[in-house]
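What follows is a set of notes on a single structure, which appears directly below.
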Amino acid sequence: MSICLEVKNLSKKYGSTIAVKDISFTVNTGEIFSIIGPNGAGKTSTIRMISTIITPSSGDCFIDGHSLVKSPNKIRENITYLPDEAGAYKNMTGNYYLKFMASMVSSEKLKQKEYFENAIEICKLGDRLKDKISSYSRGMIRKLLISRAVMSKPRLAILDEATSGLDIINALEIRRMIKQLAKKGTSFLLSSHNMLEIEYLSDRIAIINKGVIYETGEPLAIKQKYNAQNLEEVFEKVAKNI
Amino acid sequence: MKFLALLKKEVRDVINFQLILGLIISIIVFIFLGGFIKNISDTEVENLTNLQIIDHDKSEQSRETLDLLKTSGFNVSVIENIEDINESALIFSSGFGKNILENKTTDIELYSKVSSLSNFSSVSSSSSTNAISIISNFYKNKIISQDVSSQNMDFLNNPISVKEKTEINNKVAEISSSTIKFFAISQTAVLPIIIFMIIVIASQMVSTAIANEKGDKTLETLLSTPISRISILLAKISASALVAIVMSSVYVVGFFIYMTGESSSSIDTTLFSDLGIKLSGFDFILIGIQLFLTILIALSISIVLGAFSKDVKSAQITIAPLMISVLIPYILSILSDIQTLPPIIRFIVNLIPFTHTFTAGPNLILQNNVLFLLGIAYQGIFLIGILFIAIKVFSSDAIFTVSTKSRKFKKKISM
């Protein structure tokens, strides 16, 4: 399996506070890789760096050989990013939003049309796409945003707390959506503090706390290593050893 | 007790940092303006007793009149030429004494020079008007104390005839300075109010939009797409510029309609055109350009300030400095002539880019073309500077790591 994302010794400092400290990991093509940890562990800073939103204090990451530090625009061409609790432009209709975002990803009309049609198929919002986003429920907005994030079939889709705040049915639909898309070749980098969700979704995980990655591997292997029933127990044991 | 608990909660909601900051800012602005206006008032009160006289008659009666004015409390300075007049002077023409001796109405010329259109500038010319009133009463009383007969009734009714001449833009017309000022001010009176409103509305609109985009994280989404940050910023500024063009156009058209209505009133504006104090079509274009620059500056500053806002509420705090920098020249331009302020204050006030917008109208009317062009040039340079800062902010982490949610600009770390 080829490597989609390679993170090398990435660090982020805010003044004297170290948010992320020298982390390294890889994400393979078609793999769902998740970073788990409590609030303030460094998940969002890591994801924001890989998404080119903020610049690393040191280290680098690579997608298809393109360096984040040297050519962030090349990275942007290969990724999509969905922030935690993100909204959409409320004055737009769902259709207009998807077309607008497709035009941000590609300037070719044919590709824009293809991305738009992909998004319609993925989000399954039907006629509601003709309505203003301001009339959407939280679950509908999340589906719209996830379809936006994967419509261009990016090399890597980065989703921060993909299902946070959603009800059980909506969360389940989105998890299934992610699994199906991964099977079709899209790599996912997820972040969550919902360990049960991550255990269900992820091929591999990284446990992060206080900006440091303490464990990386398959959920089952990690659970066996720590002799734990689930990832929550793993995290508890890892946190005690820190 | 439940009511008290509720009341306490409501008071805590109302008395927040925004309110306290607003109050502090208001106090600072009023202290600054209060001290400043007191300074202007003191100067103008001094001017109320200063009086310049040109005595071409040099008769016993003219000397008697000069003595009367001195004993009435005026600081009379006798000058020889019109060129020596500061703002206004009374001119006793030859024959002044002879007419008084013959109980004939005599002329006094009130010669005024208009160099400022501010409200306070009209105070100084009123010393001449007061003096005429004193002279007139003096000669009325003199007749009454002597002999009131049918022969001198006309003189008793009207001992002094005032002939007013006003100099503006190096041209002289037989018209009162107050009429000229009224017409000149009427052309620019609404200008500061509309500019102030446009800047406030446009700035709040843009900073709130940016704060919303940050709050909804749509900006984060947009910045992760394969588009350069400069393109995103330029699109925002271009959209703002379009709004600025529309707003400037609406204003200029509205202003033109207002002036057309003004011109079609009973006032004959031919004389004002001859004096060069009527704004031309070209002047309107120049005002439009300056207004466009002003709105662009305000919008660019709002984009930068809005970028540091965590949410809509904090966006209101962040644009407070912008509001103050508009408010100060706005009030000063109404009350005083900014170019006659003490040098240090004038320098500081001129550093505020909006000052040049508020002085643009009077500068065009008074044909201070160099000052007008310098104002536009300064605004152009300021705009380039603020755009440079905006590009830097959008190209750095600051847009996501610095926010104004709390009292100080503090690092917002979302790990």
The relative contact order of the stretch A:135-207, taking Cα pairs under 8 Å that sit 6 or more residues apart, comes to a percentage of 35
Loop-resident trypsin sites (Lys or Arg not before Pro) in the stretch A:130-217 with no more than 11 other Cβ atoms inside 10 Å, DSSP not H/G/I/E/B, are A:Lys184
Descending semi-axes in whole angstrom, ellipsoid equivalent of the stretch A:1-122, from the Cα gyration tensor: 29, 18, 14
Taking a cut-off of 28 Å, what percent of all Cα-Cα pairs in chain B are separated by more than that? 61
In square nanometres and to one decimal, what's the mean projected area of the convex hull around the Cα atoms of the protein assembly as shown? 42.8
Could you tell me the relative contact order of chain A? Use alpha-carbon pairs under 8 Å, at least six residues apart, and round to a whole percent. 27
Distance check, please: which entries in A:Lys43/A:Lys183; A:Lys74/B:Lys214; A:Lys90/A:Lys111; A:Lys109/B:Lys310 exceed 27 angstrom between their Cα atoms? A:Lys109/B:Lys310
Over all residues in B:160-167, what is the mean tally of Cβ atoms on other chains that come within 10 Å of each residue's Cβ? 0
Filtered hits (lysines, Cα-Cα < 16 Å from A:Lys113, offset >= 8 within chain) -> A:Lys99, A:Lys153
Note down the relative contact order for the stretch B:272-383 as a percent, whole number, built from C-alpha pairs under 8 angstrom at least six residues apart. 34
What's the local net charge at A:Lys183, with K and R +1, D and E -1, over the other residues with C-beta under 14 Å away? +3
Determine the calculated [θ] at 222 nm for chain A from helices alone, applying -39500 (n - 2.57) to every DSSP H run no shorter than 4 residues and normalising by the residue count; nearest 500 deg cm²/dmol. -12000 deg cm²/dmol
Nearest 20 debye, what's the magnitude of the dipole of the stretch B:200-312 about its Cα centre given +1 on Lys and Arg Cβ and -1 on Asp and Glu Cβ? 480
Set of aspartates and glutamates near B:Lys58 by C-alpha distance (under 20 Å), chain-local residues within fewer than 8 positions excluded: B:Asp67, B:Glu80, B:Glu83, B:Asp84, B:Glu102, B:Asp107, B:Glu109
If you take each beta carbon of peptide B:224-237 and count the beta carbons of other chains within 10 angstrom, what is the mean? 4
Beta bridges per DSSP with both ends in chain B, % antiparallel, nearest 5: 35
Quick one: what do you get for chain A if you divide its Cα Rg by 2.2 N^0.38 Å? 1.01
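Quick note: the coordinates plus some simple rules give every number you see, no bench work behind them. No experiment lies behind these values; they were computed from the predicted model shown. Because the Cβ atoms are built from the backbone with ideal geometry, glycine has one as well, and the counts that use them run over all protein chains shown.
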